[in-house]
Amino acid sequence: MTFNLGNIILRKPKLEDTNGFIQICAEKETMKYYGISGAFIKTKEQAKNQIDWCLRQFSNNGGRWIITENGSDDYIGDIGFHNYNKNHNKIELGYRLKYSYWGRGIITKSIKELVKYGFQHKNYNRIEALVDSRNEGSKIVLVKNNFKHEGTLREYEFERGEYINMNIFSILKRELEKSN
């Protein structure tokens, strides 16, 4: 499944994306609040493992798409669903975008499309996102997409030598249907 969102394309990962994963992981500002899973990609082999992980999400009722500019097939970020729970029809959303593309509405537009897709075609009831409590930009993007802040998970993860709080946001299928 590929999404054409006008100025951007969301497509499945491919081996040619290895350099994109390596480059984004080297961006200090982009990775500041990303967490540790998939954050320390420095070699082609590590990037290939990340691509394999992204592709496996599609076989588990999720998916991790590569973000590209329309007219260019170069990786500028990735976004998608993981941690699907079949018993509860819920899934987690995650994303990252190269720093030079911030502030253009790319993630906001991508989330909007994927939320609609998840509720209409994947039968999700709930989509949630865990966000480092210091990541103000990510919280704003989620609220723009009608996600509700449910609370703070105190000292939820141990990263880079410290415990960090995570904010949990979610949107329910019935909430999207009300807003349309």
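The values are calculated or read from the model by the stated rules, or taken from the named source; none is laboratory data. Here the structure is a predicted model, which is why all the values come from computation and not from measurement. Cβ: placed from backbone, ideal geometry, glycine included. Neighbour counts: every protein chain shown.
If the condition is being under 18 Å from Tyr95 (Cβ atoms) and of a type in the set (Lys, Arg), then the range 32-59 contributes Lys32, Arg56.
Looking at Asn89, Asn61, just one residue is at pLDDT below 95, touching a strand residue (DSSP E or B) at 6+ places or on another chain (Cβ under 8 Å) and either closer than 24 Å to Lys122 by Cβ or not hydrophobic (A, V, I, L, M, F, W, C) (or both), and that residue is Asn61.
Here Ser37 passes the criteria (1) among the hydroxyl-bearing types (Ser, Thr, Tyr); (2) closer than 20 Å to Asn167 by Cβ; (3) modelled with pLDDT of 95 or more except the one numbered (3). In this structure, Lys109 does satisfy being out of contact with any strand residue (DSSP E or B) (no Cβ under 6 Å at 6 or more places or on another chain) and touching a residue at least 40 places away in the same chain (Cβ under 8 Å). Scanning the range 1-44 for residues being of a type in the set (A, V, I, L, M) and either without any contact (Cβ under 8 Å) to a residue 24 or more places away in the chain or surrounded by fewer than 17 Cβ atoms within 10 Å (Cβ to Cβ) (or both) gives a total of 7.
The selection criterion, being in a loop (DSSP other than H, G, I, E, B), over 26 Å from Gln23 (Cβ atoms), of a type in the set (Phe, Trp, Tyr) and at pLDDT 95 or above, does not hold for Tyr84.
Can you spot a residue in the range 32-46 that is outside any loop (DSSP other than H, G, I, E, B) and of a type in the set (A, V, I, L, M, F, W, C)?
No, that holds for no residue.
Selection within the range 141-180: residues that are surrounded by 16 or more Cβ atoms within 10 Å (Cβ to Cβ) and of a type in the set (Val, Ile, Thr). The member of this set that is farthest from the chain's Cα centre (by Cα) is Ile164. Out of the range 115-169, which residues are hydroxyl-bearing (Ser, Thr, Tyr), part of a helix (DSSP H, G or I) and closer than 22 Å to Ala39 by Cα? Residue satisfying the conditions is Ser138 alone. Of the residues making up the range 50-75, just one is touching a residue at least 60 places away in the same chain (Cβ under 8 Å) and of a type in the set (A, V, I, L, M, F, W, C), namely Trp65.
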